[in-house]
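Chemist: Submitted below is the structure of interest, expressed as structure tokens.
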Amino acid sequence: MIKRRSFLAAALAMPFLSTLGRSARADDWPKAGPIRLVVASGAGGNADVVARIVAAELEPRIGQRILVENLAQASGMQATEAVSEADPNGYTLLVGTSSQLVHNIALFEPLPVDVKQTLRGVAMMNEVPMILCINKDDPAENLEDMIARMKADPDAFQYGSGPTGTTTHITGALFLSRIGTDIVHVPYPKSGEAMRDLIAGRLSFVFNPSLTAVVQVRDGAVRPLGVSAPERLRAVPDIPTVSEAGLPDFVSQTWNSIAAPAGTPDEIVSELNRAVNAVVQSDAIRDRLKDLGSIVPAAMTPAEVDAYYGRQRDIWIPVVRATGAQRS
């Protein structure tokens, strides 16, 4: 009887002890060591640029180093798997974008990890529309002129993008679907490589993230025909939206958020959320991100970030599937 009572007492205490252990670990965060922030794209790309800007400001706020790590393989799936399978202790985080957290759900069969279950939203950083860029010597006078030429002779055109399934690809595929024609698609390991071939005259157009395309536009290396945003960008106010330029209601953009393994304690997620929001919503960083060509939405709670992911999946998974793109 004494042994049975001892066993029951221990069993009843286990949930409390488990919670106490989680709270102790959460209270100790982030003292144990550097935080690994995994970016599913190459150095110098849109997500990498934003991650490094925010990480530099976040370090002094949380009192710990943040190591930005680039894992660009397999349309970002390697990075997604690495963070999904990491210990949920707040020391491994993902820069979650539309490519990994939305498009890949439709792109991979089977999906190596169920991102809806293995990752949770922490904070939103910014939204990044695409700029439709053509070679600076292209004869097209405007978007409507280019569309007319492509529809008349589609075999004479080809467009480039980053890896299959990334927003640069899906935006181009959606654009062609909307105008009712099809041209050759050339995917590259990085969207920057597609831009180099566009500048060299080997591609007809590229939908490049505004955050990186703005530099080429300002330097005159490419010509912009439109930005796939709901309204014009502060960084390049002379570029019309694609809707203004002749293709109504055309909006397509990626975004940069921070996600964590699903089991990460609420206390850590909440602390990270407050710190990231404080950085991104500060006048200096908000203005810097806008001047780079992006949109800074209002601060979101972790629950609102998860809801944002859900809405994006409802909109874009059918679009990605309609392109027929697939990876194994």
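Chemist: Quick one: which of 301-309, 75-83 comes out on top by average Cβ neighbours within 10 Å, and what's the full order, highest first? Show your work: numbers first, answer last.
Modeler: Working: 301-309: 17.6, 75-83: 23.4.
Listed from highest to lowest mean packing, they are 75-83, 301-309.
Chemist: Where nothing but the Cβ of Lys and Arg (+1) and of Asp and Glu (-1) is charged, how large is the charge dipole of the stretch 129-245 around its Cα centre, in debye to the nearest 20?
Modeler: Roughly 340 debye, rounded to the nearest 20.
Chemist: Near L176, within a Cβ-to-Cβ distance under 12 Å, what is the net charge of the other residues, with Lys and Arg +1 and Asp and Glu -1? Write out the running numbers ahead of the final one.
Modeler: Values: positive: K151, R178; negative: D182.
Surrounding charge for L176 is +1.
Chemist: Give me the compactness ratio for the stretch 173-328, meaning the Cα radius of gyration over 2.2 N^0.38 Å.
Modeler: With N residues counted in the stretch 173-328, Rg over 2.2 N^0.38 Å equals 1.19.
Chemist: Another question, if that's okay. Which value, in debye to the nearest 20, gives the size of the charge dipole of the chain about its Cα centre, when Lys and Arg are +1 and Asp and Glu are -1 at the Cβ?
Modeler: The calculated dipole for the chain is roughly 1120 debye.
Chemist: Positive end of the dipole of the chain, charges at C-beta (+1 Lys, Arg; -1 Asp, Glu), about the Cα centre: which of Q73, G90, Q312 has its Cα farthest in that direction?
Modeler: Of the options given, the answer is G90.
Chemist: Work out the length of the dipole vector of the stretch 40-189 about its Cα centre, built from +1 on the beta-carbon of each Lys and Arg and -1 on the beta-carbon of each Asp and Glu, and round it to the nearest 20 debye.
Modeler: Roughly 360 debye, rounded to the nearest 20.
Chemist: Please label the shape of the stretch 62-171 as rounded, prolate or oblate, based on the square roots a ≥ b ≥ c of the eigenvalues of the alpha-carbon gyration tensor (a/c under 1.5 means rounded; beyond that, a/b larger than b/c means prolate, else oblate).
Modeler: Numbers: a/c = 3.27, a/b = 2.18, b/c = 1.50.
Cα axes put the stretch 62-171 in the prolate bin.
Chemist: In terms of the Cα gyration tensor, with a ≥ b ≥ c the square roots of its eigenvalues, is the stretch 246-299 rounded because a/c is under 1.5, prolate because a/b exceeds b/c, or oblate? Could the numbers behind the result be given before it?
Modeler: On the way: a/c = 3.62, a/b = 1.59, b/c = 2.27.
Because a/c hits 1.5 or more and a/b fails to exceed b/c, the stretch 246-299 counts as oblate.
Chemist: For the chain, what are Rg and Dmax over the alpha carbons, in angstrom?
Modeler: 22.1, 91
Chemist: Something else now. Long-range amide H contacts for M300: which residues qualify at under 5 Å (H placed 1.01 Å from N, peptide plane, sequence gap of 5 or more or a different chain)?
Modeler: The list, which skips near neighbours in sequence, is M124.
Chemist: Tell me the net charge near E193. Cut-off is 15 Å between Cβ atoms, E193 excluded, with +1 for each Lys or Arg and -1 for each Asp or Glu.
Modeler: Charge balance in the 15 Å sphere: +1.
Chemist: Another one. Return the calculated 222 nm mean residue ellipticity for the chain, to the nearest 500 deg cm²/dmol, obtained by summing -39500 (n - 2.57) across DSSP H runs with n ≥ 4 and dividing by the residue count.
Modeler: Working: 13 runs with 152 residues, N = 328.
When only DSSP H runs of four or more count, the value is -14500 deg cm²/dmol.
Chemist: Convex hull over the alpha-carbon atoms of the stretch 129-245: what's its volume per residue in Å³?
Modeler: About 91 Å³ per residue, rounded to a whole number.
Chemist: Of the beta bridges DSSP finds with both residues in the stretch 129-245, what % are antiparallel, to the nearest 5?
Modeler: Once the DSSP bridges in the stretch 129-245 are tallied, antiparallel ones form about 55 percent.
Taken together, the values in this text are just the output of simple stated rules run on the coordinates, not laboratory data. Quantities reported herein were computed from a predicted structural model and do not represent experimental measurements. Cβ coordinates were reconstructed from backbone atoms using ideal geometry, including for glycine residues, and neighbour counts include every protein chain displayed.
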